[in-house]
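The values are calculated or read from the model by the stated rules, or taken from the named source; none is laboratory data. Since this is a predicted model, take the numbers as computed values, not measurements. Neighbour counts run over all protein chains shown; Cβ positions are idealised from the backbone, glycine included. Note: accessible area is taken over every heavy atom of the protein model, side chains too, but ligands, DNA and RNA are not part of it. Shrake-Rupley method; radii C 1.70, N 1.55, O 1.52, S 1.80 Å.
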Amino acid sequence: MADSVIELRNIKKSYDKVAVLEGINLTVERGTMLALLGPNGAGKTTTVKILSTLLKPDSGEVLVNGTNAVQDPNTVRHMIGLTGQYAAVDELLSGRENLIMMGRLYHLGKEKSVARAQELLEQFELTDAADRAVKTYSGGMRRRLDLAASLVATPPIIFLDEPTTGLDPRSRLTMWKIIQDLMKNGATILLTTQYLEEADQLADYIAVLDKGTIIAHGTADELKSKVGKERTEIVIEKNANFDNAKKLFDDAGIKINEEERSISIPTDGSVRAVKSILDKLTNANIEIDSMSVHKPTLDDVFLELTHHS
Amino acid sequence: MNTSSSFTNRTSNTLTDTWILIARSIKHITKNPDQLLGLTIQPIMFMLLFRYVFGGAINTGGSTYVNFLVAGILIQMAAFGALTTSLSVATDVRRGIVDRFKSLPIASFAVVAGHVVGDLVRNTISAVVMIVVAFLVGFRPNAGVADWLSIVGLLLLFTFAMSWIAAIMGLLAKSVEAVQWMGFFVVFPLTFASAAFVPTSSMPTGLRIFAENQPVTHVIEAMRSLMIGTPMGNHMSMSVIWFTAIIIVAVPIAAKLFRRHVSK
């Protein structure tokens with residue numbers, strides 16, 4: 001049996017009779033990261049709040065490391081770290097004071113809390129600003145501090161609710177690196193994001209959430225293969241050549257765009273397949289003006305999936 | 001599971017958590033001196049206003065107006081000061097830090113209690129400054145040490161009870177701005193429709209009946225009696241009963257609201 005650390009079974013939740021989650025099933029295995037991908041209002045934050053014991057579901061079962069989160073929230077709270085959408089830190093206190101306070105609330109003891117705060121400040125590159133009030137921090141620094149605060153007690157299970165929303169590209173990269181380091185240290189992570197690229201870069205598995213329902217799940221590659229194969233696109237300006245090329249690839253499920261004078265040929269994505277296209281063109285003496293290879297992105301997946309629903 | 005030792009453990013953890021969160025609120029006082037300054041200066045201005053502008057026109061019977069005034073102004077200051085609890089609670093709740101606290105293995109009661117006690121410390125500082133200024137403008141009480149201890153006790157009890165009510169308002173309010181208005185609408189009538197600034201005998205009948213029987217008047221009259229020897233009547237016992245009852249009712253409500261509250 002798979003070692004699942006996070007398990008949601010048929011979770012339903014409504015606010016004021018508006019259904020937010022309509023029967024969610026999710027499993028995250030030990031040491032892996034699941035990205036919960038979805039647009040605003042899909043129910044991502046509600047899912048995280050239910051997992052982190054902040055909300056009770058209307059029905060369904062929530063298991064965190066084998067513990068029922070609805071019946072025994074306190075046991076679950078010892079095992080999880082939560083980083084919400086808004087930096088949940090005390091603005092008036094300094095970064096160091098925030099971390100020490102968290103350590104003490106996790107009952108690490110005074111000395112250990114102080115040491116752990118220093119460790120995290122170094123790890124998250126916040127030592128220069130450690131003793132400044134958080135209200136003077138930049139958005140990226142706040143998020144890093146927020147994440148650090150959720151890691152004070154080294155929880156084995158981490159929930160990250162849109163950890164990079166609103167960050168500049170550079171801060172986002174720093175955040176990604178930090179999250180990847182957490183993975184390397186063996187944490188089990190559930191991350192929510194509305195950035196397809198982020199899910200692709202970081203997560204082992206992706207679940208696509210839309211209007212309170214999981215509409216697809218699998219690895220990034222599995223999801224992409226649902227949309228279609230890689231395609232090689234050639235552009236030919238000369239009329240004669242264009243017509244010849246159409247005949248040449250006629251059987252291969254091609255897409256033709258007369259206006260752009262392009263032919264799109266599905267391939268398995270290998271270099272050999274692309275080379276064979278070029279060889280065919282050379283043998284037929286057809287000159288092409290440009291060529292490009294298109295991999296399906298998660299954006300394609302997402303648009304395709306949400307389009308149908 | 002529910003052995004007495006795990007109960008003791010939980011209780012001592014809750015006390016430690018509460019203390020850590022009280023320390024947080026006390027740190028806020030030093031990090032936000034403007035708030036302390038504002039909370040102290042405003043009532044001093046009120047005192048000067050009533051002492052020098054209105055006071056001459058108010059007949060208080062036997063005592064000088066400044067002697068009459070101090071009990072009322074201290075209680076009004078404590079009531080408005082207690083409202084800072086609703087602000088600090090509402091700020092926590094709006095900022096998402098509430099989610100962090102709630103995802104921690106700590107008693108939800110501790111977070112609210114941290115604010116309430118922290119604000120009690122802040123209000124005590126303001127009260128001390130206020131009493132010093134009162135002496136400077138001619139306040140001459142005839143209270144002994146035991147009387148002063150009772151005065152301090154009453155003031156703390158009143159502020160503590162009001163802070164818990166303020167915490168409830170902070171948890172119920174939809175926004176930080178709404179909290180300020182809610183507080184104003186509760187505290188303004190309770191402190192002005194009372195014996196704080198004028199003897200209730202000068203009021204029209206309906207208002208007088210309200211003013212004479214509401215808890216704020218009881219605590220003001222009790223403090224006034226301890227300060228300058230006006231008749232005590234049942235004011236002391238009524239004050240203790242009222243504000244103890246308020247605490248007994250408000251604490252579990254605040255804890256429950258906090259547990260139920262989820263940001264956004």
Do the conditions hold for B:Ile58, that is, is it in contact (Cβ under 8 Å) with a residue 24 or more places away in the chain and more than 10 Å from chain A (Cβ to nearest Cβ)? yes
Kindly indicate the residue of the range A:225-245 that is among the hydrophobic types (A, V, I, L, M, F, W, C) and in a strand (DSSP E or B) and also most open to solvent (accessible area, probe 1.4 Å) among those meeting that condition. A:Val235
How many of the residues making up the range A:1-45 are closer than 21 Å to A:Pro156 by Cα and among the polar types (S, T, N, Q)? 4
Looking only at the range A:55-77, decide whether some residue is open to solvent by 10 Å² or more (accessible area, probe 1.4 Å), hydrophobic (A, V, I, L, M, F, W, C) and within 7 Å of chain B (Cβ to nearest Cβ). yes
Residues that are out of contact with any Gly (no Cβ under 7 Å at 6 or more places or on another chain), within 14 Å of chain A (Cβ to nearest Cβ) and in a helix (DSSP H, G or I): does the range B:151-167 have at least one? no
The condition of being modelled with pLDDT of 90 or more, under 21 Å from the mean Cα position of the chain (by Cα) and not in a helix (DSSP H, G or I) holds, among A:Leu145, A:Leu160, A:Leu167, only for A:Leu160
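At least 1 residues that are within 14 Å of chain A (Cβ to nearest Cβ) and open to solvent by 60 Å² or more (accessible area, probe 1.4 Å) in each: list the helices (runs of 4 or more DSSP H) lying fully within the range B:174-264 that qualify.
Passing ranges, in order: B:235-260.
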Near pairs, Cβ below 6 angstrom, 6+ apart or cross-chain, from the range A:180-196 (hydrophobic (A, V, I, L, M, F, W, C)) to any residue that is part of a helix (DSSP H, G or I): A:Leu196/A:Leu298; A:Leu196/A:Asp299; A:Leu196/A:Phe302
Here are some residues: B:Arg100, B:Arg51, B:Arg95. Which one is modelled with pLDDT under 90, within 14 Å of chain A (Cβ to nearest Cβ), more than 16 Å from the chain's Cα centre (by Cα) and more than 19 Å from B:Glu177 (Cβ to Cβ)? B:Arg100
Subset tally (residues that are within 11 Å of chain B (Cβ to nearest Cβ) and either open to solvent by 40 Å² or more (accessible area, probe 1.4 Å) or part of a helix (DSSP H, G or I) (or both)) for the range A:104-123: 5
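Give the range B:115-149 a look and list any residue that's polar (S, T, N, Q) and buried (at least 18 other Cβ atoms within 10 Å of the Cβ), or say none.
B:Asn123, B:Ser126
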Residue that is modelled with the lowest pLDDT, among those in the range A:1-17 that are open to solvent by 50 Å² or more (accessible area, probe 1.4 Å) and not small (Gly, Ala, Ser): A:Met1
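Being out of contact with any Cys (no Cβ under 6 Å at 6 or more places or on another chain), closer than 30 Å to A:Ala42 by Cβ and open to solvent by less than 30 Å² (accessible area, probe 1.4 Å) is the requirement here; does A:Ile206 meet it?
yes
Which count do you get for residues in the range A:82-97 that are more than 8 Å from chain B (Cβ to nearest Cβ) and open to solvent by less than 40 Å² (accessible area, probe 1.4 Å)?
3
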What number of residues within the range A:1-41 satisfy the criterion of being part of a strand (DSSP E or B), out of contact with any Asp or Glu (no Cβ under 9 Å at 6 or more places or on another chain) and on the phi > 0 side of the Ramachandran plot? 1
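A quick yes/no check of all residues on (1) under 25 Å from A:Arg30 (Cα atoms); (2) within 14 Å of chain B (Cβ to nearest Cβ); (3) crowded, with 16+ Cβ neighbours inside 10 Å; (4) free of Cβ contacts under 8 Å to residues at least 12 places away in the same chain:
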site	(1), (2), (3), (4)
A:Leu99	no, yes, yes, no
A:Met102	no, yes, yes, no
A:Glu125	no, no, no, no
A:Arg132	no, yes, no, no
A:Lys135	no, yes, no, no
A:Ala149	yes, yes, yes, no
A:Pro155	yes, yes, yes, no
A:Ser171	no, no, yes, no
A:Met175	yes, no, yes, no
